[in-house]
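Participant: Would you mind keeping the following structure in view while I ask a few things?
What follows is calculated from the coordinates using simple rules that are stated; it is not laboratory data. Note that this is a predicted model, so its numbers are computed, not measured. Positions of Cβ are generated from backbone atoms using ideal geometry, with glycine treated the same way; all protein chains shown enter the neighbour counts.
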Amino acid sequence: MLYISTRDTSERKEKVTSEVAVCRGIAPDGGLYVPEYIPTLSADTLRSFINMDYPSRAAYILSLFFDGMAYEELLSMCRTAYSDDRFPGGAAPLVHISGPMYSLELWHGPTCAFKDMALQIMPHLFTASLRATGEKRTAYILVATSGDTGKAALEGYRDVPGVRIKVFYPTNGVSRVQKLQMMTQEGDNVSVCAIEGNFDDAQSGVKRIFADAGINRRLDDKGYFLSSANSINWGRLAPQIAYYVSAYCDLVSAGVISMGDVADICVPTGNFGNILAAYIAKRMGVPIRRLVCASNANNVLTDFIASGTYDRNRTFYTTMSPSMDILISSNLERLLYFVAGPAETSAYMKSLAETGRYTVAPETLAKIKGDFAGYYVDEPGTAATIKRVYETSGYLADPHTAVGIGGADEYLRCQKDGCSAPIIVCSTASPFKFAADVYRSLTGRDPSDEVSALGELSELTGKEIPQPLSRTLKLPLRHTRVIPTKDMPDEIFVGL
Ligand SMILES: *Cc1c(COP(=O)(O)O)cnc(C)c1O
């Protein structure tokens, strides 16, 4: 399996191995790497998954996209990444909410958010790729985070040989719990630093460091090269395909549907990475009928799916589902490529960079509408969904998951034909990770403070605080530096 750039319009495309795609992250022309074809899964293969555990299913899917690596090697990576130790509640359990709705819980990992599903396995793929390409230097991973990604990357890369990682976060731009998760991070190759600025400042600071030839040369002299862990990297996307395949098989093995029957999938969406993985699963042959893209008040994708115009020139809202507060969904570029090809994709991305907007061709929009539906849930709607779902079915949802459930509700209401199919909603974070907002949504009252909210929510609902979060509250603070944004370039040399 070779990979090409979403923007490569030349006749003789540059094709690279999966290892090179993972090491580079982004293609030299600014495009994203995509597999040159989408492999297919036969009904027999799907049937054979039914009696397999999650690591075996995931290793099989990964082996289709990383065919330079042996299945046994991938299986051993998956057994480590998705072990009961790291995912005590199971890697991707499917839980019934009510009626046709099922929750695919992706947050039983070490940071209690779905990014663990990719970031626990990605370091294995990354180091195997470094080995395969003959890289001798140490990878220096730089991350700017608004919360969930930074912690998940730290947990994934901690104590991985040949890697060092530094995370920058806005000191006033993440929740108290997220801050504690990062300040208490363990591991000998990790460091975390807060900046006096917002997420955009952190992000721009990191981008400037990547683009600075002088910094890159100094790092090279010391035996390092810069790398990133964000969701444009194929090594983060591929592992996400596996849980959609797995969830479908779980519906079959639970007797909810028969092999071959359709199911819908609803994904609370920010950067479009998670839902793109579902789209690829559909293209591989998993009988997925509709992909429902659920957004919060930052509903740029809802408008895009309805009208064909993507326009980032709009008000930015800070919501209680902060991991979806995004106006540029980078992975949409991969969908455009699969639907419309590289020439259209390049033109749209150029227009996005220059004007902040683009409108896709009518045929392109028609194809997208054939696979996707888009709905959004505003802040009062999110709070009301948390309360209603808990009171009617006992299911406790975090605000991101609630956006997914609210979007799925809206989708079911709009289905005219009444042809029912189960709908799988991605549950992307533990309710305890956003305990204060969940508590407020349920009771209409403020908790004593953001940290006590975990205990108060547990008392109110009788549900247990996940162990990684309760442990975080007891660990000593190890990373307390706060620096001005302009000092970021110096900061990366501290301790080298
Ligand atoms: C990152 C994140 C999302 C959004 O996923 P994308 O792949 O960016 O669309 C949703 N919910 C939570 C909790 C997240 O951390």
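Participant: Step by step: first the residues of segment 100-131, then only those that are within 10 Å of the ligand (Cβ to nearest atom) and of a type in the set (Gly, Ala, Ser), then the one that is nearest to Leu412 (Cα to Cα). Which residue is that? Steps first, answer last, please.
Facilitator: Start the filter on segment 100-131 by keeping residues that are within 10 Å of the ligand (Cβ to nearest atom), which leaves 106-107, 111-116, 118.
Next, only the ones that are of a type in the set (Gly, Ala, Ser) stay: 113, 118.
Working: Ala113: 26, Ala118: 29 Å.
Checking each candidate, the answer is Ala113.
Participant: Where the second residue is away from the ligand (no atom under 14 Å from the Cβ) and assigned to a helix (DSSP H, G or I) and the first is of a type in the set (Ser, Thr, Tyr) and lies in segment 257-283, which pairs have Cβ atoms under 7 Å and are six or more apart or on separate chains?
Facilitator: What qualifies is Ser258/Val252; Tyr279/Asp371.
Participant: Out of Leu365, Leu352, Leu332, report the one residue that is within 13 Å of the ligand (Cβ to nearest atom) and aliphatic (A, V, I, L, M).
Facilitator: Values: Leu365 fails: within 13 Å of the ligand (Cβ to nearest atom); Leu352 fails: within 13 Å of the ligand (Cβ to nearest atom).
Every option except Leu332 fails the conditions.
Participant: Being under 29 Å from Thr80 (Cα atoms) and not in a loop (DSSP other than H, G, I, E, B) is the requirement here; does Phe210 meet it?
Facilitator: For Phe210, the condition - under 29 Å from Thr80 (Cα atoms) and not in a loop (DSSP other than H, G, I, E, B) - is not met.
Participant: Can you work out which of the residues in segment 408-439 that are in contact with a helix residue (DSSP H, G or I) (Cβ under 9 Å, 6 or more places away or on another chain) and small (Gly, Ala, Ser) is nearest to Pro466 (Cα to Cα)?
Facilitator: Result: Ser430.
Participant: Restricting attention to segment 204-246, which residues are within 16 Å of the ligand (Cβ to nearest atom) and either farther than 18 Å from Ser330 by Cβ or more than 21 Å from the chain's Cα centre (by Cα) (or both)? Working first, answer last.
Facilitator: Taking segment 204-246 and keeping what is within 16 Å of the ligand (Cβ to nearest atom), we get 228-244.
Listed by number, the residues that qualify are Ala242, Tyr243, Tyr244.
Participant: Additional query: Please enumerate the residues belonging to segment 380-424 that are of a type in the set (A, V, I, L, M, F, W, C), closer than 19 Å to Ala297 by Cβ and buried (at least 24 other Cβ atoms within 10 Å of the Cβ).
Facilitator: Residues satisfying the conditions are Ile386, Ala397, Ala402, Val403, Ile405, Ala408.
Participant: Do the conditions hold for Asp303, that is, is it touching a strand residue (DSSP E or B) at 6+ places or on another chain (Cβ under 9 Å), over 23 Å from Val360 (Cα atoms), away from the ligand (no atom under 12 Å from the Cβ) and not in a loop (DSSP other than H, G, I, E, B)? Quick ask: steps written out before the conclusion?
Facilitator: Details: touching a strand residue (DSSP E or B) at 6+ places or on another chain (Cβ under 9 Å): yes; over 23 Å from Val360 (Cα atoms): no; away from the ligand (no atom under 12 Å from the Cβ): yes; not in a loop (DSSP other than H, G, I, E, B): yes.
For Asp303, the condition - touching a strand residue (DSSP E or B) at 6+ places or on another chain (Cβ under 9 Å), over 23 Å from Val360 (Cα atoms), away from the ligand (no atom under 12 Å from the Cβ) and not in a loop (DSSP other than H, G, I, E, B) - is not met.
Participant: Answer yes or no: is there a residue in segment 140-155 that is in a loop (DSSP other than H, G, I, E, B), closer than 12 Å to Met182 by Cα, among the small types (Gly, Ala, Ser) and within 16 Å of the ligand (Cβ to nearest atom). Steps first, please.
Facilitator: Step one: list which residues in segment 140-155 are in a loop (DSSP other than H, G, I, E, B), which gives 145-147.
Those still in the list that are closer than 12 Å to Met182 by Cα too: 145-147.
Narrowing further to those that are among the small types (Gly, Ala, Ser): 146-147.
Among the residues that remain, those that are also within 16 Å of the ligand (Cβ to nearest atom) are: 146-147.
Yes.
Participant: State whether the residues of segment 67-75 include one that is in contact (Cβ under 8 Å) with a residue 40 or more places away in the chain and under 17 Å from the mean Cα position of the chain (by Cα). Reasoning before the result, please.
Facilitator: Going residue by residue through segment 67-75, those that are in contact (Cβ under 8 Å) with a residue 40 or more places away in the chain are 67-69, 73.
With the extra rule that they be under 17 Å from the mean Cα position of the chain (by Cα), the set shrinks to none.
No, every residue in segment 67-75 fails to be in contact (Cβ under 8 Å) with a residue 40 or more places away in the chain and under 17 Å from the mean Cα position of the chain (by Cα).
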